[in-house]
1. Taking the stretch 182-202, which residues are open to solvent by 10 Å² or more (accessible area, probe 1.4 Å) and among the hydrophobic types (A, V, I, L, M, F, W, C)?
2. Take the stretch 203-223 and flag every residue that is surrounded by fewer than 21 Cβ atoms within 10 Å (Cβ to Cβ) and in contact with an Asp or Glu (Cβ under 9 Å, 6 or more places away or on another chain).
3. For F331, state whether it is open to solvent by less than 50 Å² (accessible area, probe 1.4 Å), at pLDDT below 80 and either assigned to a strand (DSSP E or B) or among the aromatic types (F, W, Y) (or both).
4. For the stretch 524-557: of the residues being under 14 Å from G601 (Cβ atoms) and polar (S, T, N, Q), which is surrounded by the fewest Cβ atoms within 10 Å (Cβ to Cβ)?
5. One residue is enough: does the stretch 495-506 have a residue meeting the conditions open to solvent by 30 Å² or more (accessible area, probe 1.4 Å), over 19 Å from F477 (Cα atoms) and basic (K, R)?
6. Do you know which residues across the stretch 135-166 are at positive phi and not in a loop (DSSP other than H, G, I, E, B)?
7. Can you confirm whether R338 is open to solvent by less than 90 Å² (accessible area, probe 1.4 Å), at pLDDT below 80 and among the charged types (D, E, K, R)?
Amino acid sequence: MLNWIKQRLTVCYQKLSKRISYKLMLIIIIPNIIFLLIINQLMNQHLQQKSLETDNILYVLNHAVSREMSGLFNNIGSLTNEIMVNPNVQRVLTGKYPTLMTGYPYNIWVKEELNHDIYVNQRTMEEILSHYRILWDVFSIAVISKEKEIYLSRSTTYNYEITTSDLKHSLIIKEIEESQNSGFAWSVNDVLTKNRDMITLVRKIYGINQPQEVIGYIVVNLSLEAVRDSFKTYNYYDSMIFGLVNEAGNRWMIYDGKEIIGGNGPLFNDVQVGFDSIDWKGRPWHINLSQTEEGNYVVSGVDEDFIVQQFSEFRQKLYLGYAFFLFLAFFISIKGTRSITERLRMLEKAIRNLGLKEWKTRIPLKGNDEIQMIGSTFNDMASHIEELIEDVKQEQRQKRVFELRVLDYQMNPHFLYNTLDSINWLALENNQREISQMVNGLAKLFRIILSKGKEVITLQEEFEMVRNYLDIQKIRFEERFEYTITLDPEITEYPIGKLLLQPLVENTIIHGMRGLRTKGSISISGIKENELVVLKIADNGVGMSTEDVEGQLKLLNKDIWQDDVVSTMGYGMKNVDSRLKLMYGENYYMTISSSKDIPSGTTIGIHITEKAMQERLLPVYS
């Protein structure tokens, strides 16, 4: 199955990769998908970190609430301690009246005295409790004796009373009576709170002289406003609960962000100290549970739905931001891809047109990037190709000129040989040996010129042809000049174009020897100089002026083949130069040195690299 999926994906990629635009799209999409996966992984890590951060905040808030609750109970503990050790409170609760005379019969006078003492005790307890109420800023303070006698602080603001019936139905009074410890019992919804916004705390009072004997109970009512304000201060997420559960777990109060709700019975089951989850009011809560020094449990929790919502909003915002970024990147990428592909299509079209031999094709690309550099290079290449094509056409035209001129001088070899042979026999019959020598020399010359159709011959053959030509011309000009020919044996087999030296030697005889009053001298040599093969034709003729030399050199460097110009400046030298350039290109050059001053003369040098001659750079001539 995996192999099949891999094959299908490979086929799809091969189809898409046929177009560069698809490749560019894949280059954009694939990294974004990878980036999305990375973001998702980082987001999960961030959410885990946020969860740990939530736990840390819950822990810190729970610790702060626990400290607040401990402070509350410590304050009430200090208040009740002062009341419990008060001598008058101890005296009243132990029933020791200073006006009662022991040993006297219990009569009417005694009864009246007791009533008076009870009244005094009530006023005394009221004064003491009212004093502590104001001093400690609590709602009310009450002391209840073992006989259920009730002593209550005065209150000018609130109408609050405790009756015997209240004591009978009070759960916290019952709890404190049955309890074995000396701590507080508390409630926010007991009958003693009278449905007021209060928390009621009850504690046993022990006798000073008999510490193990309970002599009464102290009841303190404290407004929940301060507790609620503390809870509000710690409501970090605005969707939190704070609560207090007694040590037995059967009485609790919870602040839900609006009000404090109290209840009896277990708030939760199987919950351990630390982080846990509970259901309250039909909603899940993530809580931190800790125990105070007094034994109460402090609950701090945050709505799990709120956490999920926060995480969902965070994830949604991140995805929306990434979607916007991806859309923006995709849009910019499409624009960029389209711009690149359009320019590449222009480049492709230009290359196709150039392949169809439209040599003037150019690409009008703008910019300063790699594509523009390719386009500029293409334009340079196309211009160069166009120039080369023009050069080839020019060379073809020159070649046709050469061929036409050669055709002008073509003869049937058999007719030529037969005619020369007839002339030779006729000269011998008439005892004309000079004519016979000229005819024989001419026949040898033509054999070398024809060379069985070869265009390239060896230097040995070329020098031999020049020798035959000079012999004929020497007879013609009646020994008016002499010549020397030298050829380095190392270069005798090097290739050279046929009839390259003869036109130069002919120019030497025609233009150099005529008008010369002394006997002429012609020197033809072929030597090696370093890595060059140098062929020289030198004479002691009349020479040329500096202007003529410069004009001739200028003619050699131009592609000029008009008959009037060439005939004026010398067809022979231009012919030789052009043929050598065709054969050896930049591996050849010609030099001309001449002077009309005595000793006058002209020297023409042909310089060809030895390597070019050895490799026969233009084998078409072979």
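1. If the condition is that a residue be open to solvent by 10 Å² or more (accessible area, probe 1.4 Å) and among the hydrophobic types (A, V, I, L, M, F, W, C), then F184, V188, V191 are the ones that fit.
2. K204, Y206, G207, V214, S223
3. On the way: open to solvent by less than 50 Å² (accessible area, probe 1.4 Å): no; at pLDDT below 80: yes; either assigned to a strand (DSSP E or B) or among the aromatic types (F, W, Y) (or both): yes.
Taking the combined requirement at face value, the residue does not satisfy it.
4. Selected residue: S545.
5. no
6. Narrowing the stretch 135-166 to residues at positive phi: 137, 148.
None; the set is empty.
7. On the way: open to solvent by less than 90 Å² (accessible area, probe 1.4 Å): no; at pLDDT below 80: yes; among the charged types (D, E, K, R): yes.
So R338 fails the test.
Quick grid of which residues meet (1) in contact with a Ser or Thr (Cβ under 6 Å, 6 or more places away or on another chain); (2) polar (S, T, N, Q); (3) modelled with pLDDT of 85 or more:
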site: I38; (1), (2), (3): no, no, no
site: H46; (1), (2), (3): no, no, no
site: L52; (1), (2), (3): no, no, yes
site: I57; (1), (2), (3): no, no, yes
site: H63; (1), (2), (3): no, no, yes
site: S70; (1), (2), (3): yes, yes, yes
site: S78; (1), (2), (3): no, yes, yes
site: N86; (1), (2), (3): no, yes, yes
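The values are calculated or read from the model by the stated rules, or taken from the named source; none is laboratory data. Note that the structure is a prediction, hence the values are computed from the model and not measured. Here the Cβ is made from the backbone with ideal geometry for all residues, glycine too, and neighbour counts use every protein chain on show. Calculation scope for accessible area: heavy atoms of the full protein, side chains included, ligands and nucleic acids excluded. Shrake-Rupley method; radii C 1.70, N 1.55, O 1.52, S 1.80 Å.
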